[in-house]
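Read the structure below first, then the notes.
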Amino acid sequence: MIETLNIINISKFKVNINFRKNEIKNYSKLKLYSNKKSKVYILHDGPPYANGEIHLGHCINKILKDLILRSKYLFGYYTPFIMGWDCHGIPIEMEVKKYTKTNNIIDFKKECVKFSNYYVNKQKKIFNKLAIFNLSGYYKTTDPKIEEKEIKILHYLIKKKKVFLKKKKNNWCIKCKSTISYHEFDNRKVLGISFVINNLTVRIKNIKNFFFLKKIYSIKNSFSFINPLTNIYVYVKKKKRKKIFYKLNKNVKKIMLINDYEIIKLLKKKKFKFKIFTNYIKVCWRHKTFLISKKKRQFILKLDNKLKKKIKRLINNSLVSYPKNAKKNLIKIINDRKEWIISRQRHWGVPMCLFKKKKKFFFKNSKKIYKKVLKNIKKKGIIYWDKEKISKNKKIKKLKDTLDVWFDSGLTHTTVLNRKENPYSANMYVEGYDQYRGWFNSSIITSVLLNNKLPFKEIFVHGFALDKKGKKMSKSVNNVIKPSYIINKYGVDILRLYISVRNLKKDIKFSENDFINTKRLYLKFRNTIKFLINNTYKIKKKKIKLLELDKYFYIKSKIIFSKIIHEIEKYNFHIVIKILENFFIKDLSNTYFEILKDRIYILKKDSESRISAQIVLRYIGKKFSKIFFIFTPFLFHEIYRYFNINICKKIKKSKLSKKKIYIKWNRIFKIRKNILKKINNKDKSFLKKIDIVLNLKEKEYKILRKYKKELKFIFSVRKVNMKLKIKNTFKISLNENIIKCKRCWRYFKKINKICKTCNKIIKGYNVERKYI
């Protein structure tokens, strides 16, 4: 009897396959590029550092950016994406110094270029696997054109007196052997010590400093005392100053080796009177070593109140932020900043390309020299600065300072965007919350200074990647999950879906168990899609009136789709997946499809009742497949041809009012849900055997009376009887003297192998449904 049923299986689309193998096979066929459109949307890529392998934090960042750009493409925008890398700075310099012994600065810089290029190519390979849409190019901060433009901007800011030279105390890391920028330190809780000597109260913020105390400056009288830790004299000198301050000796490198509690033990042993307090000190975010103050001549970009007020006004009036509190965080961090030291005493960085003559950087004939320098840097890169002797005049001194890497990346709104080859401004920046004081900060300051506007219209700040316990992933703790491991085991679509399901405005926990759950969800989506494909195959085109049940799901699908579009517009991708999950699994697979199977499989192929269902199934398949274009590009590639999808066609919200039929059927499904919940038996074969007597109040009775003959299909039972009563109740009965039809698998009291309905259909008679 199976051969007489309409069970079609499109074998090419399978629910459970080796997803990664399938992705590798289909990668070259993916639709990853689009034609240019009149409307352009630019999401500017903040450059990750090119000094190591990518981690799951990078995957969150790049996948989120791709979700946004794919959704913007569906809204009718052209979305070219240029991927970038930050390739200068001390992390690369320090890594190269580990294996390069050369003293030649040009050879050293060439090694730095090789090192950064190696990791750019390594990271690029993984990023490309993520199926990034409209990836139209790459940029590196070592590109000569970018370096030349950056130096030009620096010279412009010096001329406009926005940047000036000043000798001042700087945060200095003893391990980096360099000035540490505002972005490169963290605050760490430490023990401080206070003690009284000759009626002078001394508070030392870090107890370790007590070990290396050299001098104390005070407004009181001069005297000296013996340091109980070292038995060396400490001199207290009188100085006109409001606060007490002190100097340390030069052995600061040894400080980190000393345990605070060992110092406390030693002081107690010597019977020295002191008090301990907790305090926060600055530490290098790379080495976790505390910072010392060192006086150095530096180039400073002043952040005056006028600039801060302008930035605050622009953020409040013209910026859309996700989450909403991102605005407050940006304003607070910029307000807390007094200045920006943009010069560094490092080898690997963009040289400031400045000459000095009689304390001036721009002097007679300097324009000609700078023009020559910039022209050659544009052609040959920054190595030209060290390679060539630019001026023979001994009075003209060449500065060796390099620029802060945050100045490099902070200027990409002008050095990468808004140029001939890429003549666009950014609509959006997307990075983790560590960039409040990093890339967001430097980009805002430079853009307002140069262009009197913010570098972006929208900003999305996402969370970090954590392990299953909510701890930061670290090699030393052995809790790192490599993206390559996830991709090889589960595939790119499941990694993308895993990230999409999470609220990306918060930190994201990664665990093997959650990946297994995400795979289950992915399989459920595929299972629903398979039903849609199989049952809309070779659909007979007829102008027919939809059955009420089909009309209800047609309206519901439009309402659900509009909700999805609304959440996509707000970048609430996790809510989109939740809506999609509920609709595909609860509404379609568990409800609509279960009711439909009898009609789809049993009735004649060209029956109007069957075609009514197929029209709605095809509409749902075609409409919702576009959503998978955003989240799971490989799955979309598998299914788009079955529904003849034109991905270039703009998606829109449907303007819908909830019609009477929709409200009525919502009530019917509410009754159905309550009854099936009380029956509490998920065995489908059991439900098909039972009879239900519905005792209904007048309101419910009037709603269901119309569908009396077809209610058994709604409740998936053998028979339904209705009675008008004062209270809503129901009774079920199981009749054991019933026979199963071998074709439709429904149960009847008296049949000969197959039921009357199936007998009619086999003989060629047309059987139709009225409502369900």
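Scan LYS541, LYS530 and give me the residue that is open to solvent by 30 Å² or more (accessible area, probe 1.4 Å), assigned to a loop (DSSP other than H, G, I, E, B) and under 24 Å from PHE643 (Cβ atoms). Result: LYS541 is the single residue among LYS541, LYS530 that is open to solvent by 30 Å² or more (accessible area, probe 1.4 Å), assigned to a loop (DSSP other than H, G, I, E, B) and under 24 Å from PHE643 (Cβ atoms).
Between VAL416, VAL430, which is over 25 Å from LEU301 (Cα atoms) and under 24 Å from the mean Cα position of the chain (by Cα)?
Numbers: VAL416 fails: over 25 Å from LEU301 (Cα atoms).
So the residue among VAL416, VAL430 that is over 25 Å from LEU301 (Cα atoms) and under 24 Å from the mean Cα position of the chain (by Cα) is VAL430.
The numbered conditions (1) out of contact with any strand residue (DSSP E or B) (no Cβ under 9 Å at 6 or more places or on another chain); (2) in contact (Cβ under 8 Å) with a residue 12 or more places away in the chain; (3) surrounded by fewer than 16 Cβ atoms within 10 Å (Cβ to Cβ) are all true for LEU374 except (3).
Among TYR424, TYR436, TYR429, which is open to solvent by 60 Å² or more (accessible area, probe 1.4 Å), touching a residue at least 60 places away in the same chain (Cβ under 8 Å) and in contact with a strand residue (DSSP E or B) (Cβ under 9 Å, 6 or more places away or on another chain)?
Working: TYR436 fails: open to solvent by 60 Å² or more (accessible area, probe 1.4 Å); TYR429 fails: open to solvent by 60 Å² or more (accessible area, probe 1.4 Å).
Testing whether each residue is open to solvent by 60 Å² or more (accessible area, probe 1.4 Å), touching a residue at least 60 places away in the same chain (Cβ under 8 Å) and in contact with a strand residue (DSSP E or B) (Cβ under 9 Å, 6 or more places away or on another chain) leaves just TYR424.
Residue-wise test of (1) at pLDDT below 90; (2) touching an Asp or Glu at 6+ places or on another chain (Cβ under 7 Å); (3) of a type in the set (Phe, Trp, Tyr); (4) open to solvent by less than 40 Å² (accessible area, probe 1.4 Å).
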residue: SER71; (1), (2), (3), (4): no, no, no, yes
residue: TYR78; (1), (2), (3), (4): no, no, yes, yes
residue: TRP85; (1), (2), (3), (4): no, no, yes, yes
residue: HIS88; (1), (2), (3), (4): no, yes, no, yes
residue: THR102; (1), (2), (3), (4): yes, no, no, no
residue: PHE108; (1), (2), (3), (4): no, no, yes, yes
residue: VAL113; (1), (2), (3), (4): no, no, no, no
residue: TYR138; (1), (2), (3), (4): no, no, yes, no
residue: THR141; (1), (2), (3), (4): no, yes, no, yes
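Could you tell me whether LEU267 is under 20 Å from VAL202 (Cα atoms), in a helix (DSSP H, G or I) and modelled with pLDDT of 75 or more? Criteria met by LEU267. So in the stretch 583-630, with the set limited to residues that are open to solvent by less than 20 Å² (accessible area, probe 1.4 Å) and touching an Asp or Glu at 6+ places or on another chain (Cβ under 8 Å), which one is farthest from LYS558 (Cα to Cα)? Checking each candidate, the answer is LEU603.
Only helices (runs of 4 or more DSSP H) wholly contained in the stretch 1-101 count here; list those with 3 or more residues that are under 25 Å from ASN418 (Cβ atoms) and touching a helix residue (DSSP H, G or I) at 6+ places or on another chain (Cβ under 7 Å).
By residue number, 56-74.
Scan the stretch 309-323 and tell me whether some residue there is in contact (Cβ under 8 Å) with a residue 12 or more places away in the chain, touching a Cys at 6+ places or on another chain (Cβ under 9 Å) and surrounded by 17 or more Cβ atoms within 10 Å (Cβ to Cβ). No, every residue in the stretch 309-323 fails to be in contact (Cβ under 8 Å) with a residue 12 or more places away in the chain, touching a Cys at 6+ places or on another chain (Cβ under 9 Å) and surrounded by 17 or more Cβ atoms within 10 Å (Cβ to Cβ). The residues of the stretch 270-308 that are within 30 Å of LYS359 (Cβ to Cβ), open to solvent by 90 Å² or more (accessible area, probe 1.4 Å) and in a strand (DSSP E or B), listed by number, are LYS295, ARG297, LYS302.
Buried (at least 18 other Cβ atoms within 10 Å of the Cβ), β-branched (Val, Ile, Thr) and in contact with a helix residue (DSSP H, G or I) (Cβ under 6 Å, 6 or more places away or on another chain): does that describe VAL350? Yes: the conditions hold for VAL350. For VAL461, are the conditions met, namely being more than 19 Å from the chain's Cα centre (by Cα) and either in contact (Cβ under 8 Å) with a residue 40 or more places away in the chain or open to solvent by 20 Å² or more (accessible area, probe 1.4 Å) (or both)? Here the answer is no, as VAL461 does not meet what is asked.
Listed residues ILE342, ILE315, ILE258, ILE244; which is touching a helix residue (DSSP H, G or I) at 6+ places or on another chain (Cβ under 6 Å), modelled with pLDDT under 85 and not polar (S, T, N, Q)? Can you show your working first?
Details: ILE342 fails: modelled with pLDDT under 85; ILE315 fails: modelled with pLDDT under 85; ILE244 fails: touching a helix residue (DSSP H, G or I) at 6+ places or on another chain (Cβ under 6 Å).
None of the others qualify; the one that does is ILE258.
Among the residues of the stretch 496-505, the one identified as surrounded by fewer than 22 Cβ atoms within 10 Å (Cβ to Cβ) and aliphatic (A, V, I, L, M) is VAL501.
Restricting the stretch 180-225 to residues that are open to solvent by less than 90 Å² (accessible area, probe 1.4 Å) and among the polar types (S, T, N, Q) leaves a set whose member that is farthest from LYS273 (Cα to Cα) is SER181.
Consider ILE568 carefully, then state whether it is among the hydrophobic types (A, V, I, L, M, F, W, C), under 23 Å from ILE63 (Cβ atoms) and surrounded by fewer than 21 Cβ atoms within 10 Å (Cβ to Cβ). Against the criterion (among the hydrophobic types (A, V, I, L, M, F, W, C), under 23 Å from ILE63 (Cβ atoms) and surrounded by fewer than 21 Cβ atoms within 10 Å (Cβ to Cβ)), ILE568 does not qualify. If you check LEU635, LEU711 for being crowded, with 17+ Cβ neighbours inside 10 Å, touching a strand residue (DSSP E or B) at 6+ places or on another chain (Cβ under 6 Å) and not β-branched (Val, Ile, Thr), only one passes: LEU711. Whenever a residue of the stretch 690-716 is in contact (Cβ under 8 Å) with a residue 40 or more places away in the chain, its partners that are open to solvent by less than 100 Å² (accessible area, probe 1.4 Å) and among the hydroxyl-bearing types (Ser, Thr, Tyr), lying with C-beta atoms within less than 8 angstrom and at least six residues away or across chains, give the pairs ILE690/SER733; ASP691/SER733; VAL693/SER733; LYS706/TYR771; TYR707/TYR771; GLU710/TYR771; ILE714/TYR707.
The values are calculated or read from the model by the stated rules, or taken from the named source; none is laboratory data. This structure is a prediction, so every number in the text was calculated from the model and none was measured. So basically every Cβ, Gly included, is an ideal-geometry build from the backbone, and we count neighbours across all protein chains shown. Side chains are part of the model used for accessible areas, which takes the heavy atoms of the whole protein and leaves out ligands, DNA and RNA. Shrake-Rupley method; radii C 1.70, N 1.55, O 1.52, S 1.80 Å.
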